[in-house]
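S.K.: Before anything else, here's the structure in question.
What follows is calculated from the coordinates using simple rules that are stated; it is not laboratory data. For clarity, every value in this text was computed on a predicted model and none was experimentally measured. Cβ placement follows ideal geometry from the backbone for every residue including glycine, while neighbour counts extend to all protein chains displayed.
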Amino acid sequence: MNVIPRYLVPFHPKRIPHHFADVLIIGGGIAGLRAAMEIDPRLSLLVITKDTMEQSNSAYAQGGIASVIDPDDNFASHVEDTLVAGANLCDRDVVEMVVREAPPHIRQLIEWGTKFDTEKGELMLGREGGHSHRRIVHALGDATGHEVMRAIIEQVRTKNDSQLWPNTFTIDLLTHEGRCRGALVWHARHGRTFIWAKQTILCTGGAGQIYRETTNPEVATGDGHALAYRAGAELRDMEFMQFHPTVLYIAGGSRSLITEAMRGEGARLVDANGRRFMLDYDERAELAPRDVVSQAIVAQMEKTRQPNVFLDLSHLEAEKVRKRFPGIARTCAEFGIDIATDPIPVRPGAHYMIGGVTVDHEGRTTVPGLWAAGEVTSSGLHGANRLASNSLLEGLVYGTHAGAGASALALAEDDSFQAIPLENAVAQPREEPLDLVDIRNSLKSLMWRSAGVQRTGPQLADAGRTIRRWCGYVLARQFNDPEGWELQNMLTVARLMVETALAREESRGVHYRTDFPQADDEHWRRHLVVQRK
Ligand code: SIN
């Protein structure tokens, strides 16, 4: 791992402006903004996001938030469903804690103005794969993330102690004597800035853009994973990328998510011959956990030699379907597909990064002064396969914990904290121009082919060699803008993913090795940890 430098750019304290905040939050998805709401108003708070406040993976969530709401449902069942989906790798204490904290978070979101879908004054509850009850709270039919983020952004904007800096790219976390002291950031207008913070919370989301096929927006390039790694934080479970079974597959069209809630409402998966196939693979059929459905779809695509399968809702009541899934209906209509009558072409795509920065129950990482919450972390909730609609929930619970913990420590610190004379040298300049777009696209294709829904040792080993070679010349350079830094982050994360996927010689949850098709509890019922020395 020695080609991965500690810092991506050169810097000197006399040449870069300095900014101070008691608490710095990096990332404006649900975890980051929920953390922001916990920061004591006596503290100065700065929230930075790489794009606009509205662009985060959270805003794209369709299905909803899992929570025990129905009196016939119970915590034990939500816990059990999470543990079963997680394939023997969840931390039971974490699962119990998160499941129990879910209902008050839903009530709080409602108090903050979130308009969840209701019927006769009661919350409507959807069902998704792996859940044994209807317990998915949703909004605007299939745009839960959009509605929840609208409400929470409004709350944070009216919180008078918060400063929001959109369009601010975090280049690196600053560490001194083993502690996180803030971050070096870049803004299109202001250039590079040191942000010195008493406490820093990392909530940068996922890494789906490392794959050619993904439901994730452009911003999800694994930056937080890479910068935590460079700063010496422990990461684990990097081999576990979750593939969503049903991503719209239309050549030339965007790979939009087709929510699992559709299958919860009775949609069927059929192959190119119109044959319903899920029962050949699992008795839970379309409502089996995601890893099972993704594997079945890939197997059926191979059997039929087709690039996709189809979701079929034509047996359901047409008006009800269009009303329940208005966003997907609009997207599909642009390609001439009526979701109520026409089969929707789908196949799996990278969706959710399960692996990430190790955090304890409170959201503390292994680097003092650095907290983390949401998709960038590995908290122990998801095990080897995340249960549907547990991710916004994790963002809410851990955002709250990390925000409260960071706030308490920042309050306890005195105000004499100062800039630290950190510097990083200029690297040897390289003359040969690099086509960054070409490397990025090649990486995405390589990851899809070699570290996708199905993996084998030889393919992973080959991919590892190729990525290390690319790292050798891309990471040795110092770039001046986010295009270069993003690529460096993507290469770093891809390398960790491929190396851990090669090491884990078994199949578990979302990690399916065709050369080791069984789970091997004796040797592999454990986390794989990576840390930069
Ligand atoms: C979906 O709507 O299918 C995605 C929900 C999730 O990823 O939990």
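S.K.: Test each condition in (1) within 16 Å of the ligand (Cβ to nearest atom); (2) out of contact with any strand residue (DSSP E or B) (no Cβ under 9 Å at 6 or more places or on another chain); (3) more than 17 Å from Ala373 (Cβ to Cβ) for Val98 and report the one that comes out false.
M.R.: (3) is the only condition that Val98 fails.
S.K.: Return a yes/no flag: does the range 215-223 have any residue that is within 15 Å of the ligand (Cβ to nearest atom) and closer than 18 Å to Gln531 by Cβ.
M.R.: no
S.K.: For the condition more than 16 Å from the ligand (Cβ to nearest atom), among the charged types (D, E, K, R) and more than 30 Å from Pro368 (Cβ to Cβ), what is the one hit in Arg290, Arg263, Arg275?
M.R.: Arg275
S.K.: Now, a different point. Do you know which residues across the range 340-356 are crowded, with 21+ Cβ neighbours inside 10 Å and touching a Lys or Arg at 6+ places or on another chain (Cβ under 7 Å)?
M.R.: Gly349, Tyr352, Ile354, Gly355
S.K.: In contact with a Gly (Cβ under 9 Å, 6 or more places away or on another chain) and either among the hydroxyl-bearing types (Ser, Thr, Tyr) or on the phi > 0 side of the Ramachandran plot (or both) - does that describe any residue in the range 69-87?
M.R.: yes
S.K.: What is the residue count in the range 400-441 for residues that are more than 27 Å from Arg364 (Cβ to Cβ) and aliphatic (A, V, I, L, M)?
M.R.: Adding up the residues that qualify gives 7.
S.K.: While we're looking at this one, here's another question. Identify, please: which residue in the range 345-400 is among the hydrophobic types (A, V, I, L, M, F, W, C) and in a strand (DSSP E or B) and is, among those, farthest from the ligand (Cβ to nearest atom)?
M.R.: Leu370
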